[in-house]
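Peer 1: Here it is, the structure, as structure tokens.
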Amino acid sequence: MVMELSSPNITVVTEFILVSFQLSKTMECFLFWVFLLVFLLTLTGNLAIVALVCVDQRLQTPMYFFLCNLSLLETLFVLTICPKMLVTLISLNKTISFRECIAQCYFYFSLGTCECILIAVMAFDRYAAICYPLRYTIIMNKHFCVFLALGCWTGGFLLLLVPVPFLLHLSFCGSNLIDHFFCDYAPIIKLSCSKSVPFLLNFETAVSLAVMLTTLSINGVSYVYIISAVLRMHSTKGQKKTFSTCASHLTVASIFYGSSIFMYSLPTKGRSQGVQKAAALLTAVITPLLNPFIYTLRNQKVKEVLKDCLKTVISTLRRIVPISLL
């Protein structure tokens, strides 16, 4: 809904219309079922990792503690984006209230910032484990791990609180159509004619560059030392085993940073909105789905714990449920 103010060019927007993918109804219905399946698989995979880390002593280490935090972040990430996206795909009503839109925008970027910091923390953890194996348990003690995790969560959410008051008081000039499948920061700003727009655009650029450059530097320096330590090993088998512990993290970091840099740190001039939406899909929908599978399929200990848990569940069901019903 758009209401005119006394000034003919300024309006009060109470809701936005998400243009989404602008496809035929049949295609949107098809995408609904695809994304619903992806959404359910993402929730199942990430929550399974959280459950495994919480219940099994073999996974009570810093590496898996941070992996648990990553899975929690990915779960919240898809819960922020996917439900509304699914509704707009299947429903004729594609509106989202102004405050709901700002809330979605805030949580999307806060969770993304938290994940960016957490991936850097996970790189530091691998650096400490490989370069200082004898002192690893002392360096990455329980209190320090909790401190790092809290720093990731609070850092992302507090940093992105700064533009929220400005976003809540934006005024708009005409259209309330957002050419996206969720309330992304830039499309909202582009609709506004407030005096705070330059500040908000500069803030987004500054925060994106600062977070990206800082965390990429931590990742880069950590892996320089890791690779140096691996190359100094005399055993080829030892090199492969050590580096395999970093393979999952490297894969996840490459996907996350690649899509994020493309979306928020590179110039968008000349880039079609379709390409921008595809990159956003990779970050907001596909990456949270891939992460649990990357870590479970490449990690022998997680696979062992998962098999043991499944055996326990099956044996428990056999004791509870009559054999004839199984």
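Peer 1: Quantify, in whole percent, the carbon and sulfur part of the accessible surface of the chain (1.4 Å probe; protein heavy atoms only).
Peer 2: About 71 percent, which is the carbon plus sulfur part of the accessible surface.
Peer 1: What ranking do 132-141, 286-295 get when scored by the average of other Cβ atoms within 10 Å per residue, highest first?
Peer 2: 286-295, 132-141
Peer 1: Also, I was wondering about something else. Measure nothing but the geometry: give the 0 to 90° angle between the long axis through the Cα atoms of 98-131 and the longest principal axis through the Cα atoms of the chain, rounded to 10°.
Peer 2: Approximately 30 degrees, to the nearest 10.
Peer 1: With each run of n ≥ 4 DSSP H residues scored as -39500 (n - 2.57), what mean residue ellipticity at 222 nm is computed for the chain after dividing by its residue count and rounding to the nearest 500 deg cm²/dmol?
Peer 2: Counting only the DSSP helices, I get -24000 deg cm²/dmol.
Peer 1: In whole Hz, with x marking every Gly and Pro, tabulate ³J(HN,Hα) for segment 302-318 from phi via Karplus 6.51 cos²θ - 1.76 cosθ + 1.60, θ = phi - 60°.
Peer 2: 5, 5, 5, 5, 4, 4, 5, 5, 5, 4, 5, 4, 5, 5, 5, 4, 5
Peer 1: Could you tell me what fraction of 2.2 N^0.38 Å the Cα radius of gyration of segment 12-84 comes to, as a two-decimal ratio?
Peer 2: 1.53
Peer 1: Taking the Cα atoms of segment 112-178, report the difference between the largest and smallest coordinate on each principal axis, in whole Å and largest first.
Peer 2: The Cα atoms of segment 112-178 stretch 63, 20, 11 Å along their principal axes.
Peer 1: Using a simple charge model, +1 on the beta-carbon of Lys and Arg, -1 on the beta-carbon of Asp and Glu, nothing else, what dipole does the chain show about its Cα centre, in debye to the nearest 20?
Peer 2: Charge dipole, the chain, about its Cα centre: 1200 debye, nearest 20.
Peer 1: Could you give the angle, 0 to 90 degrees to the nearest 10, between helix 25-55's Cα long axis and the longest principal axis of the Cα atoms of the chain?
Peer 2: 40 degrees
Peer 1: Compute the acute angle (0 to 90°) between the alpha-carbon long axis of helix 287-297 and the principal axis of greatest extent of the alpha-carbon atoms of the chain; round to the nearest 10°.
Peer 2: Value to nearest ten degrees: 10.
Peer 1: Rounded to the nearest whole Å², what accessible area per residue is found for segment 143-264 with the 1.4 Å probe?
Peer 2: Value for segment 143-264: 50 Å² per residue.
Peer 1: For segment 15-302, what is the number of Lys pairs with C-alpha distance below 24 angstrom, counting only pairs 8 or more positions apart or on separate chains?
Peer 2: Value for segment 15-302: 16.
Peer 1: Further question: Rounded if a/c is under 1.5, else prolate if a/b is larger than b/c, else oblate: which is the chain, with a ≥ b ≥ c the root eigenvalues of its Cα gyration tensor?
Peer 2: In terms of gyration-tensor shape, oblate.
Peer 1: Quick one: net charge around Gly112, please, counting Lys, Arg +1 and Asp, Glu -1 for every other residue with C-beta under 14 Å from its C-beta.
Peer 2: Counting the neighbours of Gly112, the net charge comes to -4.
Peer 1: Separate question: With N set to the number of residues, divide the alpha-carbon radius of gyration of segment 72-160 by 2.2 N^0.38 Å and report two decimals.
Peer 2: This ratio for segment 72-160 stands at 1.48.
Peer 1: Then there's this: For Ile286 and Leu41, compute 0.36 nm times the residue count separating them, minus their Cα-Cα distance, and round to one decimal in nm.
Peer 2: 87.1 nm
The values are calculated or read from the model by the stated rules, or taken from the named source; none is laboratory data. Computed from a predicted model, the values in this text were never measured in an experiment. Every residue, glycine as well, gets a Cβ built from its backbone with ideal geometry; the counts of neighbours run over all protein chains shown. Just so you know, the surface numbers come from the protein's heavy atoms only, side chains and all, with ligands and any DNA or RNA stripped out. Shrake-Rupley method; radii C 1.70, N 1.55, O 1.52, S 1.80 Å.
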